[in-house]
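Report on the structure given below.
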Amino acid sequence: MAETKIDSNVFVQFDRVQKSYDGVSLVVKDLSLAMPRGEFLTMLGPSGSGKTTCLMMLAGFETATYGDIMLDGISINNIPPHKRGIGMVFQNYALFPHMTVAENLAFPLEVRKIPKTEREAKVKLALEMVQMGDFGGRRPAQLSGGQQQRVALARALVFEAELVLMDEPLGALDKQLREHMQFEIKRIANNLGITVVYVTHDQTEALTMSDRVAVFDDGRIQQLAPPDELYESPQNSFVAQFIGENNTLEGVVKEIVNGVALVQLDDGKLIDCNPVNVSKPGERTRVSIRPERVEFNKDRLQEGAHTLKAEVLEFIYMGDIFRTRLRVAGNDDFIVKTRNAPDQVRLEPGAQIDIGWLPSDCRALDA
Amino acid sequence: MSVNPATAPLLSADGMPLKKSLGRALRRQKIRALMLIAPLLLFVFVAFIMPIVSMLFRSVENDIVADTLPQTVLELQSWDAELGELPPEVVYAALASDIKIAAKARKHTKVGLRLNYEQSGVASLFKKTARKAKKWDGDADAPFKEKLIEVHKSWGEIEIWQTLKVHSSNYTSGYFLNAIDMRKTVSGPEFQPEEKQVLILLFKRTLVMSLIIMGTCILLGYPVAWLLANLPARQANLLMILVLLPFWTSLLVRTSAWKVMLQQQGVINDLLVQLGLVADSARLVMINNETGTIVAMTHILLPFMILPMYSVMQTIPPTYLRAAKSLGATNWTAFWRVYFPQTVPGIGAGSILVFILAIGYYITPEIVGGSKGVFISNRIAYSILKSLNWGLGAALASILLVAVLVLYWTYDKIVGIDNVKLGG
Amino acid sequence: MLTRKTILATAALSLVAGSAFAGGHMSNEMTIVSWGGAYSNSQLKAYHEPYSAITGVTILNDESSGTATAKLRAMNEANNITWDVVDVEAGPAMALCDEGLAMVIDPDTMLARAPNDVSAADDFGDTLVSECFIPQIVYSTTFGYRTDLVGSTPPTSVCDVFDTEAYPGKRSLFSYPINNMEWALLCDGVAKADIYDVLETSDGQDQAFAKLDTIKDHVIWVDAGSTTPQLLADGEVIMGATYNGRLFSLIEEKKQPVAMLWDGQVMDLDGWIIPAGLSPERQARALDYIMFATDTTRLADQSKYIPYGPARKSSAPLVGKHAELGIDMAPHMPTSPANLERAFLMNYSFWADYRDDFDAKFQAWLAK
């Protein structure tokens, strides 16, 4: 067993946690994770990737099959959920339908035997914090989705939990409201200085809200990094594909010199890449280039850089940007995004152009 | 002056007012719908409404006395029942004549039986009198006063005449008074003598025992419903079959099985004696009393409690319990404060069903209830089937019906009938 | 569409069901009402089977004699008589006759003469207590007790039933006043001869109820003749009252550890009535059946199956051995000299007059 790091700054820690429901397959495979106090961490991944299971193990509704989960340095494996003192916001809010909003908020305070006057003051504060001060007497069924969301948030915060878990809390809201609430949650979390573990399958949400994002797939964390790093430096092709839009080309590594990999694409063309996940010539690789980093203006390309021939298939006007679909090295789905600037070129379908990029923007990842 | 387009009636394409043509189109639909349910309505009318109306009518109908003893009833009108004097000879003569005619038509027993409900002994009085009166011959045997008193001394007592007069009207509140242990007398309603007061006791017993049965059904049914709602589908189906099993076996078989289980030489007592929990000489009496009725009826009515509870519990997502626990509630608090209140509509529906079925139950108390575990419905059955006092049976049944409606209304006021869920 | 079909089908079904209920009597069938159990079986062997064999009439047995009076009254109210011949005791027969619910039967023209050519009226003699009633048997209601559950000194007197200290345990009694009231008074010190005079007064009735009160909690009240034998067999009661024929069957045929307590046996007559108001065709068949079933031979035949004394004098010498067990039946009859000595004779006409009065009071007392 790995030596447990004693780091006073670590607040939540997963140490080699495994989880199996059926004794045959693992839903969570050897997961280790450490979170400092006050961090907003998002678990992002497709459904079935193990992110919700991790959240439920942290909340205490599932038990880890192997490994330790620690809170503030203490193993909580054997502590029942109601004694963990962790706030939680559920996917469908789980507001108690037979209680008013104020009663819902008072519930965690009541079970903690907080005196009535203090209780009322706290409920009032919490409601005001989410701008629901006038709704204390209503029933959950009388509120809109967004309002219910705010109440659920207030209820998870009212008993001053240091750690709050959120399980796809914005999934049921429409786009505009969702964006507004993302901002709101982030603001409140910052103000209170709480630690948040947030589960979502919406990458935009993950990128805009989080201090760090853990990308889950197949029961493992594929990459754990701040949003910019995650976007710009994906460590493997799953992360590259999952986060943001991405163009891929397949090929074989010819050589690696001075930290630049020469990759021969399947149609024979050569390109320069940043060897992220490849180590020696002969390896198959999947090359990843973000659409906004593709350049077709010759003036802006680096001297001597490799270029590829491309045919314009489609031009889509999207307002702030142009989105152009190209055929490159046999890939019909190669996207280029360009800013809508006064001097920007609008490519015509059928045009033959040369495209290129900085070698550092072209990442050679695992095949 | 121009027509204000805002207030002018809208016209349909053919120039008819829109309201009228809408009405016509809807009427056709309504008639069609009515035709579809006509057989059902007819069935409900014949099989449900008519018997209830007829029952209500029987509880106040009383034309037998005036029909069988017309002259006596007429002559009694001018007799003041409260003076404490026997009626004059003319009433006796009228009675002698009436009874003679009735005896020939063999109708005297019926009227005797009717009046026997009010005053014990009248049935035999009429039978005896009729045997003698048949042989009397009009005026030749007058005066009749002494003769009748000679036949039976009751004719010389004022009580019988008061009874006759009080119950001579064609419609009577007498049956309803009887149903609450009272009776009609010349000086208004009075309580029955102590030894005849039994019906209020039975009403109370029915109410209390139905409540107990309802309570045991809630206690036993709740965990089962919870299991049904929370087990994996396969096990839940199996359990559901077990719950429904009683529906598929004959009521009589089940009730008789309880007899075998509960009697003093029965399975449960044998087991208790073998385990040494109960001495052989002190075997428990669990049948032919209240215990027997409560046990057997709880078993029979349990599915009616479980099913509504189950259908409500099924709609409560498990996240509520998780949410409560994450907020710091212990298992018990989470259940009691969060889960339980949401199941109240199911408990309410089940309770109404069980309670209403219980207070009308007849066959099970009859078989396992002995004399202490019987309900008011057994009394109704006795009145209808054995003593043939249909008026009293109808009055008791009407009171039961009203009691159920009142309870239903109260429940609606307190809990709200909208909150009752039988499904989904 | 489906709904309409369902509704039509339901309506059709209810019509069919309705007509089936209304139909009832096929031309070659008759419904005979009796008590069920060993008694009905003896009638089946002695009367029904031979009669069906001769005439080809199908006989339907209805075991409703226990509630016959009420049901006949109800049928009369509804004007739909579904029974052809009814087996009842003498008291109810007299009451039914008074009420006009049973037809008058002339013994001279409608019953068979004795083999020695004595008229039926003379042959039946005193047992013809009502003009509507043709008696079959003399039976008695008496107690049986579990020989293994009553201790070393078995009960000898009917008053032992009221002695819950000497004989602790449950006893079963019929849930109606007849017999119970008499036994209560008898065991409360009233002389046999005075019982009905005392019972006619309300003080006497109170006295009887007071005596019954002393054992009320020790009694399982039953309303069918078959229940007490079952309770005795199960050991649920240590003693219980029922008809002597049922106890005979329990003791001799089923070999249960039960013995008869002949003391205080109340003898009664049981026989046939024909409901008034039958169609001429059905009435003729009912009379034909009565003529056949109450002749000297048939009455004696019945006693081969059940120990009830035939009501005809001419049948008495023909009483022999049990058809299957080969037991001599005479000592098991309530009318055998040894048993008769301890009998109590019921006053039929008292019960014909007072039954309704007493029933109401008794039921109220029972429910308390």
Residues being among the small types (Gly, Ala, Ser) and within 14 Å of chain B (Cβ to nearest Cβ): count how many of those fall in the stretch A:17-71. 2
Can you name the residue in the stretch B:372-406 that is at pLDDT below 85 and assigned to a helix (DSSP H, G or I) and is also least open to solvent (accessible area, probe 1.4 Å) among such residues? B:Ile384
For the stretch C:205-221 the number of residues that are within 12 Å of another protein chain (Cβ to nearest Cβ), over 12 Å from C:Leu366 (Cα atoms) and open to solvent by less than 20 Å² (accessible area, probe 1.4 Å) is 1
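How many residues does the stretch A:189-223 contain that are over 18 Å from A:Leu58 (Cα atoms) and open to solvent by 60 Å² or more (accessible area, probe 1.4 Å)? Walk me through it before giving the result.
Kept after step one, since they are over 18 Å from A:Leu58 (Cα atoms), are these residues of the stretch A:189-223: A:189-193, A:201-211, A:217-218, A:222-223.
When the remaining residues are screened for being open to solvent by 60 Å² or more (accessible area, probe 1.4 Å), the result is A:190-192, A:201, A:204, A:208, A:211, A:218.
The number of residues fulfilling the criteria is 8.
In a helix (DSSP H, G or I), touching a residue at least 24 places away in the same chain (Cβ under 8 Å) and open to solvent by less than 20 Å² (accessible area, probe 1.4 Å): is that true of C:Ala286 in this structure? Walk me through it before giving the result.
Values: in a helix (DSSP H, G or I): yes; touching a residue at least 24 places away in the same chain (Cβ under 8 Å): yes; open to solvent by less than 20 Å² (accessible area, probe 1.4 Å): yes.
Yes.
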For the stretch C:332-349: of the residues being surrounded by 18 or more Cβ atoms within 10 Å (Cβ to Cβ) and not polar (S, T, N, Q), which is nearest to C:Ala316 (Cα to Cα)? C:Met333
Quick one: is A:Pro342 at pLDDT 90 or above, in a loop (DSSP other than H, G, I, E, B) and open to solvent by 70 Å² or more (accessible area, probe 1.4 Å)? no
Of all residues in the stretch C:70-91, which are surrounded by fewer than 23 Cβ atoms within 10 Å (Cβ to Cβ) and within 14 Å of chain B (Cβ to nearest Cβ)? C:Ala70, C:Lys71, C:Arg73, C:Ala74, C:Met75, C:Asn76, C:Glu77, C:Ala78
Subset of the stretch B:65-80, residues surrounded by 15 or more Cβ atoms within 10 Å (Cβ to Cβ) and under 35 Å from the mean Cα position of the chain (by Cα), comes to B:Val65, B:Ala66, B:Thr68, B:Leu69, B:Pro70, B:Val73
Where the second residue is open to solvent by 20 Å² or more (accessible area, probe 1.4 Å) and at pLDDT below 90 and the first is under 18 Å from C:Val129 (Cα atoms) and lies in the stretch C:100-115, which pairs have Cβ atoms under 6 Å and are six or more apart or on separate chains? C:Gly100/B:Arg106; C:Leu101/C:Asn76
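Which one of A:Glu179, A:Glu184, A:Glu245, A:Glu250 is open to solvent by 60 Å² or more (accessible area, probe 1.4 Å) and out of contact with any Asp or Glu (no Cβ under 8 Å at 6 or more places or on another chain)? I'd like the intermediate steps shown before the answer.
Working: A:Glu184 fails: open to solvent by 60 Å² or more (accessible area, probe 1.4 Å); A:Glu245 fails: open to solvent by 60 Å² or more (accessible area, probe 1.4 Å); A:Glu250 fails: out of contact with any Asp or Glu (no Cβ under 8 Å at 6 or more places or on another chain).
So the residue among A:Glu179, A:Glu184, A:Glu245, A:Glu250 that is open to solvent by 60 Å² or more (accessible area, probe 1.4 Å) and out of contact with any Asp or Glu (no Cβ under 8 Å at 6 or more places or on another chain) is A:Glu179.
Considering only the stretch C:177-195, state which residues are touching a strand residue (DSSP E or B) at 6+ places or on another chain (Cβ under 9 Å) and open to solvent by 40 Å² or more (accessible area, probe 1.4 Å). Can you show your working first?
Taking the stretch C:177-195 and keeping what is touching a strand residue (DSSP E or B) at 6+ places or on another chain (Cβ under 9 Å), we get C:178-180, C:182-183, C:186-187, C:192, C:195.
If the condition is that a residue be touching a strand residue (DSSP E or B) at 6+ places or on another chain (Cβ under 9 Å) and open to solvent by 40 Å² or more (accessible area, probe 1.4 Å), then C:Lys192 is the only one that fits.
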Mind listing whichever residues of the stretch C:273-300 are at pLDDT 95 or above and basic (Lys, Arg)? none
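Let's see how each residue does on (1) touching a His at 6+ places or on another chain (Cβ under 9 Å); (2) more than 14 Å from chain B (Cβ to nearest Cβ); (3) at pLDDT 85 or above:
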| site | (1), (2), (3) |
| --- | --- |
| C:Lys304 | yes, yes, yes |
| C:Ser314 | no, yes, yes |
| C:Tyr348 | no, no, no |
| C:Trp351 | no, no, yes |
| C:Phe358 | no, no, yes |
Among residues of the stretch B:329-371, those that are within 10 Å of another protein chain (Cβ to nearest Cβ), aliphatic (A, V, I, L, M) and open to solvent by 10 Å² or more (accessible area, probe 1.4 Å), counted: 1
With A:Arg286, A:Arg323, A:Arg327 as the choices, which residue is crowded, with 18+ Cβ neighbours inside 10 Å and assigned to a strand (DSSP E or B)? A:Arg286
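Which of the residues that make up the stretch A:72-90 are in a loop (DSSP other than H, G, I, E, B) and either more than 11 Å from chain B (Cβ to nearest Cβ) or not hydrophobic (A, V, I, L, M, F, W, C) (or both)?
Start the filter on the stretch A:72-90 by keeping residues that are in a loop (DSSP other than H, G, I, E, B), which leaves A:72-73, A:76-80, A:84-85, A:90.
Within the stretch A:72-90, A:Asp72, A:Gly73, A:Ile76, A:Asn77, A:Asn78, A:Ile79, A:Pro80, A:Arg84, A:Gly85 qualify.
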Can you name the number of the only condition in (1) more than 20 Å from A:Leu33 (Cα to Cα); (2) within 14 Å of the chain's Cα centre (by Cα); (3) outside any loop (DSSP other than H, G, I, E, B) that A:Gly244 fails? (3)
Can you tell me which of (1) under 19 Å from B:Lys107 (Cα atoms); (2) open to solvent by 50 Å² or more (accessible area, probe 1.4 Å) is the one B:Glu146 doesn't meet? (1)
Kindly check whether there is at least one residue in the stretch B:98-118 that is open to solvent by 10 Å² or more (accessible area, probe 1.4 Å), outside any loop (DSSP other than H, G, I, E, B), more than 14 Å from chain C (Cβ to nearest Cβ) and at pLDDT 85 or above. yes
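Over 24 Å from the mean Cα position of the chain (by Cα) and of a type in the set (Gly, Ala, Ser): is that true of B:Ala296 in this structure? Write out each step before concluding.
Details: over 24 Å from the mean Cα position of the chain (by Cα): no; of a type in the set (Gly, Ala, Ser): yes.
It is false that B:Ala296 is over 24 Å from the mean Cα position of the chain (by Cα) and of a type in the set (Gly, Ala, Ser).
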Hey, any hits in the stretch A:125-138 for a residue that's within 14 Å of chain B (Cβ to nearest Cβ), in contact (Cβ under 8 Å) with a residue 40 or more places away in the chain and touching a helix residue (DSSP H, G or I) at 6+ places or on another chain (Cβ under 9 Å)? no
Hey, can you tell me all the residues within the stretch C:122-170 that are open to solvent by 30 Å² or more (accessible area, probe 1.4 Å) and in contact with a Cys (Cβ under 6 Å, 6 or more places away or on another chain)? C:Cys159
As an exercise: evaluate B:Val208 against (1) within 14 Å of chain C (Cβ to nearest Cβ); (2) surrounded by fewer than 13 Cβ atoms within 10 Å (Cβ to Cβ); (3) under 18 Å from the mean Cα position of the chain (by Cα) and give the number of the one condition it does not meet. (1)
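Could you please let me know if A:Val199 is modelled with pLDDT of 90 or more, β-branched (Val, Ile, Thr) and in contact with a Ser or Thr (Cβ under 7 Å, 6 or more places away or on another chain)? Talk me through it step by step, then tell me what you get.
On the way: modelled with pLDDT of 90 or more: yes; β-branched (Val, Ile, Thr): yes; in contact with a Ser or Thr (Cβ under 7 Å, 6 or more places away or on another chain): yes.
Spelling it out, A:Val199 is indeed modelled with pLDDT of 90 or more, β-branched (Val, Ile, Thr) and in contact with a Ser or Thr (Cβ under 7 Å, 6 or more places away or on another chain).
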State yes or no: is C:Ala352 assigned to a helix (DSSP H, G or I) and either assigned by TED's automatic domain parsing to the domain that holds C:Val88 or open to solvent by 20 Å² or more (accessible area, probe 1.4 Å) (or both)? no
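The values are calculated or read from the model by the stated rules, or taken from the named source; none is laboratory data. Here the structure is a predicted model, which means the values were calculated and not measured. Cβ sites come from the backbone with ideal geometry, for glycine too, and all protein chains shown count toward neighbours. In case anyone asks, the SASA skips ligands and DNA or RNA and just uses the protein heavy atoms, side chains included. Shrake-Rupley method; radii C 1.70, N 1.55, O 1.52, S 1.80 Å.
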